[in-house]
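Contents: one structure, followed by commentary.
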Amino acid sequence: MTVPKLALSDNTGEALAKTRADVVVIGTLAGEDGPVLAPGAAAVDAAFDGRLAGLLATLGASGKAEEVVKIPTLGKLPAAVVLAVGLGKEGDTVTAEQVRRAAGAAGRALAGTDRAFVTLSELDLQAAVEGTILGSYVFTAYRSEKGDAPVAKADFASPATGTAREHKATLKAAGSIAEAVITARDLINTPPNDLYPASFADRAKKLAEDNGLEFEVLDEKALKRKGFGGILGVGGGSSRPPRLLRLAYKPAKAGKKVALVGKGITFDSGGISLKPAANMDHMTSDMSGAAGVLASVVLAAKLKYPLEVVAHIPLAENLPSGTSYRPGDVLTMYGGKTVEVLNTDAEGRLVLVDAMVRAAEENPDYLIETSTLTGAQVVALGNRTAGVMGSDDFRDRVAAIMQASGENGWPMPLPEELRADLDSRLADLANVTGHRWGGMLAAGIFLREFVADGLDWVHIDIAGPSFNTGSPWGYTGKGGTGVPVRTIAAVLADIAANG
């Protein structure tokens, strides 16, 4: 993991005259008559005798979102370059997500830079820090030519409001949250020949030891002995057997207890119900929920949330072989319910419910589960909007927080009429409905069948948002995105503050 070294700085003419930064980052807005300098750029503009906006316009700048224009300072500042990044259309307010995306675009453009002075933080310090770190992220572990390194150091201008102590706390929290997202991204981007259930468990154990977390791993023998039929069924076709991890953060004074569960299919071929070959390589990301949950419980320890946070992570490879589970099999899940398997490519829900039932045995106040669960999520909501299901009040609470964080969750119903479509001729229920309608919702209903009565719970389907197969945008590069780590962090903070 490579992240910039962070610091705070005054944003004044005197501070800029002494800066050691190579590049100064300012924001621009798209005004009716051309680019308008955003708050935070006044001292830089003064060094250009008030003509900076005009110079940028001459270079073709408009201020549109994520536009990057560089201009040499020609000795007017110690920094050699001013990097102007667009925030979008001029309006009454600039949102945190506008700042985060602009900082992300700047972070990508700063590759190869030793030190940057970022003024976007005057608009929103947390968003500027998160955006800069996440935008500068690159995954080069498997490249012989690494290319330009991310910006090494970033000085952030202190906002005009608030105290120095508050700004330092925000800087630390934002940096830790961004590092947690990068932890998840690194796991997602690691290819499946190197990241499989046992090696994932090894990485999790190291993170647990480094951060003072309780750690437990159940191997295939322990899973069989304890009756985890879903995890064993899905993982039975691989030569690399499944695992179930438990990591716990238990502070001395904890208020509520929150259980986290994340789907960890380290590669999903679809099993005997084999997926099409096209884009099957994207299924290296089918453990994005597990990566996000692991990163989140570590983050809880780093930020010392006054909560007990316990993560349960089921890990398996879903591969076809002579030992694979089959369509028509009946699996006995942890806790005793039986499931008829109609499609081995609906495997995520099978490993998840084993972990969810196990998590509920510890009597949490809330259960947050996240998974790349259904292609139907992408059909319904696209690649950037997660589906949020669960108990009504907690679902709406989490969806609102997810929207505020910029991770774009949307509350979805669990229609009662779909439950009958999961009836099985042999078992307590089937793992799919047998038709394509409402597939995301039916998967949520399947999970609900295993949720303890009265437990506030939420299911976040991140099938699309977890992995970016297109071009970089904002603070999101290609590959693993780390969604929904920032949402989980914000939900934990909200529970800590409000119960």
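The values are calculated or read from the model by the stated rules, or taken from the named source; none is laboratory data. Here the structure is a predicted model, which means the values were calculated and not measured. Note: ideal-geometry Cβ built from the backbone for every residue, glycine included; neighbour counts use all protein chains shown.
Residues of the range 255-273 include at least one that is surrounded by 22 or more Cβ atoms within 10 Å (Cβ to Cβ) and more than 25 Å from the chain's Cα centre (by Cα).
Does the range 95-111 contain any residue that is within 22 Å of P4 (Cα to Cα) and not in a helix (DSSP H, G or I)? I'd like the intermediate steps shown before the answer.
Initially, the range 95-111 is screened for residues within 22 Å of P4 (Cα to Cα), giving 96-111.
After this cut, where a residue has to be not in a helix (DSSP H, G or I) as well, the list is 110-111.
So far as the range 95-111 goes, yes, one or more of its residues are within 22 Å of P4 (Cα to Cα) and not in a helix (DSSP H, G or I).
Can you name the residue in the range 1-27 that is in contact (Cβ under 8 Å) with a residue 12 or more places away in the chain and among the charged types (D, E, K, R) and is also nearest to T73 (Cα to Cα) among such residues? Outline the logic, then answer.
Keep residues of the range 1-27 that are in contact (Cβ under 8 Å) with a residue 12 or more places away in the chain, which gives 1-13, 15-27.
Subset that is among the charged types (D, E, K, R): 5, 10, 18, 20, 22.
Working: K5: 24, D10: 20, K18: 14, R20: 14, D22: 10 Å.
The selected residue is D22.
The condition (being under 30 Å from W473 (Cα atoms) and among the charged types (D, E, K, R)) is satisfied by just one residue among D421, D396: D396.
Which one of these is more than 20 Å from L244 (Cβ to Cβ) and either surrounded by 24 or more Cβ atoms within 10 Å (Cβ to Cβ) or not charged (D, E, K, R) (or both): G375, G348, G335? Don't jump to the end; show me each part of the working.
Working: G348 fails: more than 20 Å from L244 (Cβ to Cβ); G335 fails: more than 20 Å from L244 (Cβ to Cβ).
Being more than 20 Å from L244 (Cβ to Cβ) and either surrounded by 24 or more Cβ atoms within 10 Å (Cβ to Cβ) or not charged (D, E, K, R) (or both) holds for just one of G375, G348, G335, which is G375.
Here R486 meets each of (1) under 17 Å from A178 (Cβ atoms); (2) in contact with a helix residue (DSSP H, G or I) (Cβ under 6 Å, 6 or more places away or on another chain); (3) surrounded by fewer than 24 Cβ atoms within 10 Å (Cβ to Cβ) with one exception, condition (3).
Give the residue, chosen from G262, G270, G292, that is touching a His at 6+ places or on another chain (Cβ under 9 Å) and not hydrophobic (A, V, I, L, M, F, W, C).
Details: G270 fails: touching a His at 6+ places or on another chain (Cβ under 9 Å); G292 fails: touching a His at 6+ places or on another chain (Cβ under 9 Å).
After applying the criteria, what remains is G262.
Among the residues of the range 166-197, those identified as surrounded by fewer than 16 Cβ atoms within 10 Å (Cβ to Cβ) and either over 30 Å from A38 (Cα atoms) or assigned by TED's automatic domain parsing to the domain that holds N468 (or both) are P191, N193, D194. Residues that are buried (at least 24 other Cβ atoms within 10 Å of the Cβ), among the aliphatic types (A, V, I, L, M) and farther than 16 Å from V378 by Cβ within the range 448-476 comprise just one, V458. Taken over the range 283-299, residues that are touching a Pro at 6+ places or on another chain (Cβ under 9 Å), more than 12 Å from G264 (Cβ to Cβ) and surrounded by 24 or more Cβ atoms within 10 Å (Cβ to Cβ) amount to 1. Under the condition of being in contact (Cβ under 8 Å) with a residue 24 or more places away in the chain and surrounded by fewer than 17 Cβ atoms within 10 Å (Cβ to Cβ), the residues counted in the range 140-154 number 6. Taken over the range 71-90, the criterion of being without any contact (Cβ under 8 Å) to a residue 60 or more places away in the chain and within 21 Å of Q403 (Cα to Cα) is satisfied by G88 alone. Scanning the range 413-425 for residues that are touching a residue at least 60 places away in the same chain (Cβ under 8 Å) and surrounded by fewer than 21 Cβ atoms within 10 Å (Cβ to Cβ) turns up at least one hit.
A154 satisfies every condition listed in (1) over 14 Å from L8 (Cα atoms); (2) assigned to a strand (DSSP E or B) except (1). Restricting the range 12-51 to residues that are touching a helix residue (DSSP H, G or I) at 6+ places or on another chain (Cβ under 6 Å) and in a loop (DSSP other than H, G, I, E, B), the residue that is modelled with the lowest pLDDT is T12.
Residue-by-condition table, conditions (1) closer than 25 Å to Y334 by Cα; (2) outside any strand (DSSP E or B):
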position	(1), (2)
V379	no, yes
R384	no, yes
D393	no, yes
A400	no, yes
W410	no, no
L414	yes, yes
S424	yes, yes
T433	yes, yes
W437	no, yes
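What is the residue count in the range 118-145 for residues that are under 17 Å from T28 (Cα atoms), among the acidic types (D, E) and in a helix (DSSP H, G or I)?
We begin by selecting, within the range 118-145, every residue under 17 Å from T28 (Cα atoms); these are 118-125, 127-128, 131-132.
Narrowing further to those that are among the acidic types (D, E): 122, 124.
Right, trim to in a helix (DSSP H, G or I) and you get 122.
Adding up the residues that qualify gives 1.
Touching a Phe, Trp or Tyr at 6+ places or on another chain (Cβ under 7 Å), small (G, A, S) and assigned by TED's automatic domain parsing to the domain that holds A103, is that true of A21? It is true that A21 is touching a Phe, Trp or Tyr at 6+ places or on another chain (Cβ under 7 Å), small (G, A, S) and assigned by TED's automatic domain parsing to the domain that holds A103.
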